[in-house]
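Everything below concerns the one structure shown next.
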Ligand code: SF4
């Protein structure tokens, strides 16, 4: 059973004003993405900064209204739910943000921050204090941290508070948006282990957004590769790391340390930056940077199944 199913979701932002007051140009941040997250599993969403990963995460959680497509949570189509109907469901779906300092209210202590979501769901004072304390212990923060404000804590402690705040409502599905990229290398593994332990303890499913494939290898069961608003490849973790099919995935993988040091990969340096989403290349969106491009690539390749469960959008296959 899937906890999340996203079908052909689009999120466009409109810029400028054209004739008759209509928006002149659309930034197609997410342009027809379909993905699923199985119960109890972690799906990774990887790609460079600016490819639309975070926008997709926010659209799935309905923090942004989708331009088109459907979002199903536990089989329930929540795409058109008004805020009042979404509210009870928000307990089930939470988000952990990249920058814990920005995610926390500077005027709330660690304990108050974790109590806040419980208060907004009407939990009584005694009970919410007890639950918040318990959750702070679960994430590894002792009593001396309870009264600290965000600026008095280390980056790792702040991210633990953010994790506790998300988990205290006992969600079923959590979007983690680059949860360790703002942390020192020394505390990244601790926070990843914490997220993994919490996932097992609460039976959680994650959508794990990252540009770091070594983190995705460690954390995810399934991997989606996103480029300029579209999924260009998806497969189980072992399959995609052993047999990347899309040249973009190949380039991303060539830059990470491999778990098997005997395995050799040639480093592929991508030329140029991610194209402007206001003006994406016609045909294959990777065309302007692809070392294998052929004339046919001026036509957009569909996402096709190469082997069971392994799909890629590239004319080479
Ligand atoms: Fe490269 Fe062409 Fe494949 Fe696109 S379709 S990734 S341009 S080879």
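Read-outs: derived from the displayed coordinates by stated rules, not from any lab. None of these values were measured; they are calculated from a predicted model. No Cβ is skipped: glycine too gets one built from the backbone with ideal geometry, and neighbour counts run over all protein chains shown.
By other beta-carbon atoms within 10 Å, ranking 165, 130 with the fewest at the front produces 130, 165. Cα-based radius of gyration for region 211-260, normalised by 2.2 N^0.38 Å, reads 1.02.
Kirkwood analysis of region 1-149, using all unique Cα-Cα pairs, places the hydrodynamic radius at 18.1 Å. For the chain, a Gaussian network of Cα nodes joined below 10 Å ranks 57, 32, 147 by mean-square fluctuation, and the top entry is 147. So if R0 is 22 Å, what FRET efficiency would residue 197 and residue 154 give, r being the distance between their Cβ atoms, rounded to the nearest 0.05? The pair residue 197/residue 154 has a calculated efficiency of 0.65. Reducing region 270-316 and region 147-219 to their Cα centroids gives an inter-centroid distance of 32 Å.
Taking 0.36 nm per residue of sequence separation and subtracting the Cα-Cα distance, how much length would be gained by fully extending the chain between residue 238 and residue 87, in nm to one decimal?
Details: separation 151, 0.36 × 151 = 54.36 nm, distance 3.73 nm.
In short, 50.6 nm is gained.
Over all projection directions, the Cα-based convex hull of the chain averages an area of 18.7 nm². If each DSSP helix of 4+ residues adds -39,500 (n - 2.57) and the sum is divided by the residues in the chain, what number results at 222 nm, nearest 500 deg cm²/dmol? So the calculated ellipticity at 222 nm is -9000 deg cm²/dmol.
If the elastic network links every pair of Cα atoms under 10 Å, which of 160, 296, 128 fluctuates the most in the Gaussian network model of the chain? Largest GNM mean-square fluctuation: 296.
Where does each of 211, 243 land when they are ranked from fewest to most other beta-carbon atoms within 10 angstrom?
Values: 211 17, 243 14.
In order of increasing Cβ crowding within 10 Å: 243, 211.
The residue 15 and residue 63 beta-carbon pair, evaluated with R₀ = 22 Å, returns a calculated FRET efficiency of approximately 0.65.
Please rank 89, 73, fewest neighbouring Cβ atoms within 10 Å first, as an exposure proxy. Spell out each step's value before the answer.
Working: 89 17, 73 24.
Ascending Cβ contact count within 10 Å gives the list 89, 73.
Among 43, 293, 15, the largest mean-square fluctuation in a Gaussian network model of the chain (Cα springs under 10 Å) belongs to 15.
Projecting the alpha carbon convex hull of region 26-85 along each direction and taking the average yields 4.8 nm².
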